Amino acid sequence: MSIKCYKGVLLMQKESIYKQVETDIYSVTEGETNVVANMATISCLLNFAFEDFYWVGFYVVDPDKTNELVVGPYQGTLGCLRITFERGVCGKAAKTGKTQIIDNVHNFPGHIACDSQTNSEIVVPVFDKHKKLIAVLDVDSTKFSTFDKIDQLWLEKIITNVFSN
Ligand code: SME
């Protein structure tokens, strides 16, 4: 398994990077039931696989406050600690249970600028085996319009296979 070699390989298409990183994620997380370990592993492997991924991590549903997210395992610059379901792209993904793709975060009302270098992002809700929302996966980029339906399909597939099956 090689990880770092994806970075800087400019000709490699998004789909083939996802295919490889998906295999890597399943091979490392197979049989592991600890949610934190799996979130840390996914954050690390995705972050190293894609040049454009600037911040990759999870905000988990606070068990004591069911309408609030608290930062979980991540790779990147300092993230905000807490986000209510009423705020930001993460909050919207948590509240609606639907993936959010934002081409320009500066046009998103209520976007939380944990890092002013972020310009686009995708946030994928994470459900457990009982279809209960447990977290969101947040991936940020310093470029505009980094994420599209291909990212959505692959990230949702990986997240579902690791946390919901
Ligand atoms: N992007 C988020 C905030 C979290 S950070 O970017 C790490 C949002 O607006 O929901």
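Quick notes on this one:
- Between LYS149, LYS131, LYS157, the distinction of being touching a residue at least 60 places away in the same chain (Cβ under 8 Å) and surrounded by fewer than 20 Cβ atoms within 10 Å (Cβ to Cβ) belongs to LYS157 only.
- For the stretch 77-86, filtering for residues that are more than 6 Å from the ligand (Cβ to nearest atom), free of Cβ contacts under 8 Å to residues at least 40 places away in the same chain and within 17 Å of TRP55 (Cβ to Cβ) leaves 3.
- Flag for THR118 being open to solvent by less than 30 Å² (accessible area, probe 1.4 Å), of a type in the set (Ser, Thr, Tyr) and more than 12 Å from the ligand (Cβ to nearest atom): no
- Against the numbered list (1) near the ligand (Cβ under 8 Å from one of its atoms); (2) over 21 Å from THR160 (Cβ atoms); (3) open to solvent by 50 Å² or more (accessible area, probe 1.4 Å); (4) at pLDDT 95 or above, LYS92 comes up short only at (2).
- Residue in the stretch 102-112 that is within 21 Å of ALA40 (Cα to Cα), modelled with pLDDT of 95 or more, buried (at least 18 other Cβ atoms within 10 Å of the Cβ) and near the ligand (Cβ under 7 Å from one of its atoms) present: no
- The stretch 42-73, subset within 12 Å of the ligand (Cβ to nearest atom) and without any contact (Cβ under 8 Å) to a residue 60 or more places away in the chain, residue nearest to VAL21 (Cα to Cα): SER43
- Condition met for THR77 (touching a helix residue (DSSP H, G or I) at 6+ places or on another chain (Cβ under 9 Å) and either at pLDDT below 95 or of a type in the set (Val, Ile, Thr) (or both)): no
The values are calculated or read from the model by the stated rules, or taken from the named source; none is laboratory data. Predicted model, so just to flag it, every value in this text is computed and none were measured. Cβ atoms come from the backbone with ideal geometry, glycine included; neighbour counts cover every protein chain shown. Ligands, DNA and RNA are excluded from the accessible area calculation, which covers all protein heavy atoms including side chains. Shrake-Rupley method; radii C 1.70, N 1.55, O 1.52, S 1.80 Å.
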